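Below is one structure; the comments refer to it alone.
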Amino acid sequence: MTGLRYVYAVCRPFGTPLQAQLTGVGDDPPRLVPHRDLVAVVSHVPEADFAEESLRAHLEDLDWLTAVARAHQGVIDALTTVTTPLPLRLGTVFRDDSGVRSMIEAREENFLRRLDRLEGRVEWGVKVFLESEPERSPEQPSPQPTAMSGRDYLRRRREQTRSREDQWQRAETFATRLHRTLAGFAEDSRLHAPQNPTLSGHRGRNVLNAAYLVPRGQSETFVEQVERTKDDSPELRVELTGPWAAYSFAGEEEAGEETAGGEPAGGRTAGEGIA
């Protein structure tokens, strides 16, 4: 089959087959490109969509990018059930299998070192949100405004400000304590910047956005520890996600949602030319 090679991840050879019905970017089933002690997981993608000029145009199409991101993540999730993958950045493309193998060879020592560190481990994400305001039941009417003097108005504003500050302080204390506890159950942890609710779509103010590297066999204990905290403070919402491939721990040069691929030799990531 002709086309460019879209690379999802690099991992060690594994014997368990991926799901038979699994498809990747462009609805093409992922396959393995082996090179020495490593394999790359790739799909064929049409040059009409992933050549430099075409891809640059697609970067303006949010629906197209969302579909690619979901397909990419679906393959990574499938890999995580059978092996330890090092995910590459979204949109990492090579001209052919030879280019993929050249990338592996150029970074083989780096890949093997990271895989040794992450073998048998997964990433769990924990977020804590401070609800913006208490939810009001449908039968509970909104309070009607009442006339008040300027002095009374200022006093009420000060009380509201103190109440919000106290609420925020309690949320920070809770988040700090929770992070310290969960870090004790994990091999490593990362604190990420709080999410912008406008961009993330989450309700409330994000006071903790953390990732934890946990041995797969200890995941149940970690999850139970998170579950114990969910009713500790009614005004806070604790969200647990995972298990994921260890995006946050793949290497020092990656941060946030960037992954282990870096800028591969002989290829390119989204928005760059193909060598």
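Quick notes on this one:
- Number of positions in the stretch 110-127 that are surrounded by fewer than 21 Cβ atoms within 10 Å (Cβ to Cβ), more than 13 Å from residue 85 (Cβ to Cβ) and either aliphatic (A, V, I, L, M) or in contact with a Lys or Arg (Cβ under 7 Å, 6 or more places away or on another chain) (or both): 1
- Meets criteria (surrounded by 12 or more Cβ atoms within 10 Å (Cβ to Cβ), at pLDDT below 80 and not hydroxyl-bearing (Ser, Thr, Tyr)) for residue 266: yes
- Here the stretch 96-109 is the region considered, the condition is being touching a strand residue (DSSP E or B) at 6+ places or on another chain (Cβ under 6 Å) and open to solvent by 20 Å² or more (accessible area, probe 1.4 Å), and the residue that is nearest to residue 14 (Cα to Cα) is 101.
- Selection status of residue 89, at positive phi and in contact with an Asp or Glu (Cβ under 7 Å, 6 or more places away or on another chain): no
- For the stretch 218-230, the condition of being over 18 Å from the mean Cα position of the chain (by Cα), part of a loop (DSSP other than H, G, I, E, B) and over 30 Å from residue 82 (Cα atoms) holds for at least one residue.
- Only residues that are outside any strand (DSSP E or B) and in contact with a Phe, Trp or Tyr (Cβ under 6 Å, 6 or more places away or on another chain) were counted in the stretch 25-47, giving 1.
- Filter result (out of contact with any Phe, Trp or Tyr (no Cβ under 9 Å at 6 or more places or on another chain) and outside any helix (DSSP H, G or I)) within the stretch 53-83: 59, 60, 61, 81
- A count restricted to the stretch 1-24 and to residues that are of a type in the set (Lys, Arg) and part of a loop (DSSP other than H, G, I, E, B) stands at 1.
- The set of residues in the stretch 3-43 that are farther than 29 Å from residue 117 by Cα and either at pLDDT 95 or above or open to solvent by 70 Å² or more (accessible area, probe 1.4 Å) (or both) comprises 20, 21, 27.
- Residue list for the stretch 76-93, restricted to those being closer than 16 Å to residue 50 by Cβ and either modelled with pLDDT of 95 or more or within 14 Å of the chain's Cα centre (by Cα) (or both): 88, 89, 90
- Failed item in (1) at pLDDT below 90; (2) under 30 Å from residue 117 (Cβ atoms); (3) under 24 Å from the mean Cα position of the chain (by Cα), with residue 62 passing the rest: (2)
- Residues in the stretch 59-89 that are without any contact (Cβ under 8 Å) to a residue 12 or more places away in the chain and either touching a His at 6+ places or on another chain (Cβ under 6 Å) or surrounded by 17 or more Cβ atoms within 10 Å (Cβ to Cβ) (or both): 64 only.
- Residue 102 at pLDDT 90 or above and part of a strand (DSSP E or B): no
The values are calculated or read from the model by the stated rules, or taken from the named source; none is laboratory data. Computed from a prediction, not measured in an experiment: that's the story for all the values here. So basically every Cβ, Gly included, is an ideal-geometry build from the backbone, and we count neighbours across all protein chains shown. Note: accessible area is taken over every heavy atom of the protein model, side chains too, but ligands, DNA and RNA are not part of it. Shrake-Rupley method; radii C 1.70, N 1.55, O 1.52, S 1.80 Å.
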